[in-house]
Amino acid sequence: RLTNRFLPVEGLDSMDFKSVGEYSAKGRPSPKVYQGNSSIDGLGLFAKEYIPNDTVIHETHVWSKKLDAYINIKPNSMYNHSENPNCKIIRLGNILSLKTIADIKVDDELLVDYNKNPDIELPQEDWK
């Protein structure tokens, strides 16, 4: 179980910030997004509404001192990779968050270039 030392975190509270696996925690995604089937890979995150450029959407990862690694906040971290992203990951203390780098239209998939965040995940060779 993760401790409250990582709180407060927008979108998470002590009731839903609990371990759901060795490297993940349960979170609540922003009300601006939904999880759906992706044409890129499996599931992805999509805009429920217009989201302007430079908007912080929600937290995606939290640093674990115990694991010395970032823990995925699910489903918040379920965005997919693209070499033409519309979002990026920003660091705010021990929290990583998803932020738009372009205006996002309703039903657009939220995409991040994984190459920019090697401490989280790197894309496979065949990923575009």
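So here's what we get for this one:
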{"item": "Pairs with Cβ under 6 Å, 6+ apart, first in segment 88-101 and over 14 Å from Ser77 (Cβ atoms) and free of Cβ contacts under 8 Å to residues at least 60 places away in the same chain, second aliphatic (A, V, I, L, M) and not in a strand (DSSP E or B)", "result": "none"}
{"item": "Those residues of segment 46-60 which are over 16 Å from Ile90 (Cβ atoms) and among the hydrophobic types (A, V, I, L, M, F, W, C), in sequence order", "result": "Phe46, Ala47"}
{"item": "Filter result for the condition that a residue is out of contact with any Cys (no Cβ under 9 Å at 6 or more places or on another chain), open to solvent by 30 Å² or more (accessible area, probe 1.4 Å) and modelled with pLDDT of 85 or more, over Asn94, Asn86", "result": "Asn94"}
{"item": "Yes/no for Asp41 being surrounded by fewer than 17 Cβ atoms within 10 Å (Cβ to Cβ), more than 13 Å from the chain's Cα centre (by Cα), modelled with pLDDT of 85 or more and closer than 18 Å to Ile89 by Cβ", "result": "no"}
{"item": "All strands (runs of 3 or more DSSP E) inside segment 38-109 with 1 or more residues being of a type in the set (Gly, Ala, Ser) and more than 20 Å from Ile120 (Cα to Cα)", "result": "43-47"}
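The values are calculated or read from the model by the stated rules, or taken from the named source; none is laboratory data. Predicted, not measured: the structure shown is a model, and the values here were computed from it. Note that we place each Cβ from the backbone using ideal geometry, even for glycine, and neighbour counts take in every protein chain shown. SASA here: full protein model, heavy atoms, side chains in, ligands and nucleic acids out. Shrake-Rupley method; radii C 1.70, N 1.55, O 1.52, S 1.80 Å.
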